[in-house]
Amino acid sequence: MKNLILIIEDNADNYYLMRYLLEHRGYKVLGADSGWMGIELAHFNNPDIILLDIQLPGMDGYEIARQLKSDPKLCVIPIVAVTSYAMAHDREQALAAGANGYIEKPINPDTFVDEIEKYILDFGEAHEDSDSR
Ligand code: MN
């Protein structure tokens with residue numbers, strides 16, 4: 001069964017591109033355009049991975065990552081920060097806030113889904129093990 005992916009992103013163009021690429025490869029996608037909505041959706045849908053924009057209105061991506069990682073239920077879900085190519089600083093801070101990795105904007109349609117799949121394989125294992133016990 002294919003994985004459920006939660007995208008927290010306020011830019012509609014980025015969101016629809018990521019969603020299109022993932023659905024095209026058979027993934028189910030949920031979207032949130034704010035941190036509070038993303039955290040709610042994570043609670044109720046238990047996604048296999050969360051793609052997290054950094055620049056968001058209200059709660060930014062760092063704060064969202066910290067909240068997700070401090071929640072005993074949600075902390076096992078891998079987080080991939082979606083950061084601007086130019087912002088090396090964003091990547092370091094995202095990892096410090098608890099993200100498991102990052103992917104650079106602009107999204108490269110040729111490699112995007114493969115990169116996400118690699119993160120699911122690398123970080124999704126623990127999540128799966130605890131479910132099947
Ligand atoms: Mn944004």
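The values are calculated or read from the model by the stated rules, or taken from the named source; none is laboratory data. Model, not experiment: these values are computed from the prediction. Positions of Cβ are generated from backbone atoms using ideal geometry, with glycine treated the same way; all protein chains shown enter the neighbour counts. These area figures cover heavy atoms from the full protein model, side chains too; ligands, DNA and RNA do not enter into them. Shrake-Rupley method; radii C 1.70, N 1.55, O 1.52, S 1.80 Å.
The table below lists the values:
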item: Of all residues making up region 36-55, the number that are more than 16 Å from the ligand (Cβ to nearest atom) and loosely packed, with under 15 Cβ neighbours inside 10 Å; result: 4
item: Residue that is least open to solvent (accessible area, probe 1.4 Å), among those in region 56-70 that are in contact with a strand residue (DSSP E or B) (Cβ under 8 Å, 6 or more places away or on another chain) and within 11 Å of the ligand (Cβ to nearest atom); result: GLY61
item: Count of region 108-125 residues which are open to solvent by less than 50 Å² (accessible area, probe 1.4 Å) and either free of Cβ contacts under 8 Å to residues at least 40 places away in the same chain or closer than 15 Å to HIS24 by Cβ (or both); result: 4
item: Filtered residue count, region 1-35, keeping only those that are part of a helix (DSSP H, G or I) and more than 16 Å from the ligand (Cβ to nearest atom); result: 5
